[in-house]
Amino acid sequence: RGLSGPIQQVWIDPGKKVLMKLEFNPGQDLLTNSLTAPSVLIRMWAASELVKAGTVVGLNKVKDAMLMELCPQVRFEVAKVLAQQKTVSAIAVLAALLANETHPHAMAPMAEAAGQVRDPLLRQALLDLLARPSLPYMAKARALTSLGAQRGCTSSQNLEVANLESDLALLSSHLEDNSGHGVVCKGALSGIGNLRTRAAYEVLKGRLGYGRTNFFAKSVAVGAFAGVARWQDELTRKEAILILTDLLRDRTSDVRLAACAALESLEATSAASTIEKMKTTFPAQLHPWLDKRVSALRKTGESPKIPKLQSDVEELQSKIRKLEDKLQDLVAKAGATAAPTARDTTAAPAAVAAISRGLDVAPS
């Protein structure tokens, strides 16, 4: 049957009756119109496609739609996609959405998404979120963890050390918050582990003693301690391995298991035999998991290669984000000065080619 007019929105299996993953971009206009579709899934898909396209206009459309969106799940799922893009424009939209969010079910996953990429805007948005009164404990825990992952990110390198110190003080102030069976304390411990500084190492080291940490959170403290120890010097790493080896004899099974995983992350081959001997303190169902830890330790050395590679990757990602922002500015300028006409259909390709060479295109 013929259409009575142009297509306004695109709906593909809005009831999700077919098991599939949809990857389809019908164009910016149709996606923008689909942001107001009755189906939650269609709105989520349309916003995700616009975010993946990465245009400034499309991202602004997503921002306006999400500020008016009534379903919290749509908002935090779109926030996750924004964090995955890691571009300057996407980060700005994510920070605006986090600052505007008030629903308890959406604040926690949005705060978690804000920790996936380091950016001064996201760090400030997290600080503003933590400053809110009566913040739900799950949202507070995720915000604390993500704040640590920002590692004092700032536009000025001179202020980064001061930011790290202030963030450590803020995170440490929540270590005695046992609300939600220690959920907030767990978030603070994980955030301190993400800071990677020597001061954070000393704070976590002091929380491993008996009775120094919430019973429900001590296993998280062990993992966070191992995470920050990976970024320290060789002598400090050896000290951390000795402390974690002693924790293999802790009276709590969760702590002993966390110590096993922590020793594996530090590639402590010397602890392989100790872990193998303590298998008898666990039920038989956990023996295969422990065997994998022992096998992995015996195949690796104690050289901290992974932290260096991870640091290099993060530096490259930061450079790529800046280059993408500059490229978008060049595309916008070239589009304004070299718009194609009916007589000249080669202007746009010439503009793109000139941008790739870093040249200016004169209007025809």
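The values are calculated or read from the model by the stated rules, or taken from the named source; none is laboratory data. In this text the structure is predicted, and so the values were computed from the model without any measurement. Cβ: placed from backbone, ideal geometry, glycine included. Neighbour counts: every protein chain shown. Areas reflect the complete protein model, heavy atoms only, side chains present, ligands, DNA and RNA absent. Shrake-Rupley method; radii C 1.70, N 1.55, O 1.52, S 1.80 Å.
Subtracting the Cα-Cα distance of residue 23 and residue 53 from 0.36 nm times their residue separation leaves 9.6 nm of extension gain. For the range 106-191, the share of accessible area belonging to carbon and sulfur comes to 53 percent (1.4 Å probe, ligands and nucleic acids excluded).
Between the range 26-87 and the range 214-264, what is the separation of their alpha carbon centroids in Å? The range 26-87 and the range 214-264 have Cα centres spaced 41 Å from each other. For the range 146-207, what does the relative contact order come out to in percent, with C-alpha contacts under 8 Å and a separation of six or more? It comes to 34 percent, rounded to a whole number. Charge tally for residue 250 (other residues, Cβ to Cβ under 11 Å; Lys, Arg +1; Asp, Glu -1): +2. Applying a threshold of 32 Å to the alpha-carbon distances of 17/319; 86/140; 63/333; 86/186 flags 17/319 as lying beyond it. Couplings for the range 108-121, taken from phi via the Karplus curve 6.51 cos²θ - 1.76 cosθ + 1.60 with θ = phi - 60°, read 5, x, 5, 5, 5, 4, 5, x, 7, 8, 7, 6, x, 5 Hz in order; Gly and Pro are left as x. Per residue, the accessible area of the range 9-73 comes to 57 Å² when a 1.4 Å probe rolls over the protein heavy atoms. The residues of the range 109-191 present an accessible area of 42 Å² per residue when probed at 1.4 Å with all protein chains retained. Applying a DSSP loop filter and a limit of 14 other Cβ atoms within 10 Å to the GluC sites (Glu not before Pro) in the range 156-202 leaves 176. In loop segments of the range 165-248 as defined by DSSP, the chymotrypsin sites (Phe, Trp or Tyr not before Pro) with at most 11 further C-beta atoms inside 10 Å of their C-beta are 210. Between the beta carbons of residue 322 and residue 127, assuming R0 = 22 Å, the FRET efficiency works out to 0.40 to the nearest 0.05.
Once the chain from residue 234 to residue 212 is taken as fully extended at 0.36 nm per residue, the excess over their C-alpha distance is 5.3 nm.
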